[in-house]
Amino acid sequence: MNPDNKTFTMLKSIAIKAAKKAYSPYSKFKVGAAVIDRTGQVYAGCNVENASYGLTQCAERNAIGAAITGGSQAGSLLTLVIYTPGDRVLPPCGACRQVMHELMANESRVISCCDNDEFKSWAQDEYLPDAFQTRNGN
Ligand code: THU
């Protein structure tokens, strides 16, 4: 289910704040993410790069990791907002889609936004149809 306007605006502003903390000396691209769970708790993440490029952690996965670390139950994450700088909405990478699909609620939405008012929202089976999973539900 899509969030109401107020929740979306709140998550977008937290994602923008998180993006400012990104460690991205290689790409110089600062991504932020904010996720809200069923209890209303919000967690943020930014991308953290590494000289060994493949070790880079995306903002989305760091936000989800923060939520799980903070006590959110797997399957209780309702909305994840991803902010990327610029005037184009950019969708999440494939690795993040796999992680989001496993840990977010079945009815959750992932929403990408940027520096203007454009956004794009996906349901689970829109961003990753036929997901790899070895167990059903959480
Ligand atoms: N990045 C994210 O944080 N999320 C995505 O969904 C795609 C890419 C980061 C990884 C890297 O630090 C930078 O953006 C450029 O690819």
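The values are calculated or read from the model by the stated rules, or taken from the named source; none is laboratory data. Fair warning: this is a prediction, and the values are worked out from it, not measured in the lab. Cβ placement follows ideal geometry from the backbone for every residue including glycine, while neighbour counts extend to all protein chains displayed. In case anyone asks, the SASA skips ligands and DNA or RNA and just uses the protein heavy atoms, side chains included. Shrake-Rupley method; radii C 1.70, N 1.55, O 1.52, S 1.80 Å.
The figures follow:
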item: Pick from the range 107-117, criterion open to solvent by 50 Å² or more (accessible area, probe 1.4 Å) and touching a strand residue (DSSP E or B) at 6+ places or on another chain (Cβ under 9 Å), ranking: farthest from the ligand (Cβ to nearest atom); result: Glu107
item: Only listed residue being within 12 Å of the ligand (Cβ to nearest atom), surrounded by 14 or more Cβ atoms within 10 Å (Cβ to Cβ) and either part of a strand (DSSP E or B) or free of Cβ contacts under 8 Å to residues at least 40 places away in the same chain (or both), chosen from Gly65, Gly45; result: Gly45
item: Candidate set: the range 68-86, residues that are among the polar types (S, T, N, Q) and either free of Cβ contacts under 8 Å to residues at least 24 places away in the same chain or away from the ligand (no atom under 12 Å from the Cβ) (or both); chosen: the one farthest from Arg38 (Cα to Cα); result: Thr69
item: Matching residues, the range 87-106, being farther than 16 Å from Asp130 by Cβ, open to solvent by less than 40 Å² (accessible area, probe 1.4 Å) and within 14 Å of the ligand (Cβ to nearest atom); result: Val89, Pro92, Cys96
item: Test: Lys17 is of a type in the set (Lys, Arg) and within 10 Å of the ligand (Cβ to nearest atom); result: no
item: Filtered residues of the range 118-133 (kept if touching a strand residue (DSSP E or B) at 6+ places or on another chain (Cβ under 7 Å) and of a type outside the set (D, E, K, R)); result: Phe119, Ser121, Trp122, Ala123, Gln124, Tyr127
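So that you can scan it fast, the table gives a plain yes or no per residue for (1) surrounded by fewer than 20 Cβ atoms within 10 Å (Cβ to Cβ); (2) in a strand (DSSP E or B); (3) at positive phi:
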position: Met10; (1), (2), (3): yes, no, no
position: Ser27; (1), (2), (3): yes, no, no
position: Gly40; (1), (2), (3): yes, no, yes
position: Arg61; (1), (2), (3): no, no, no
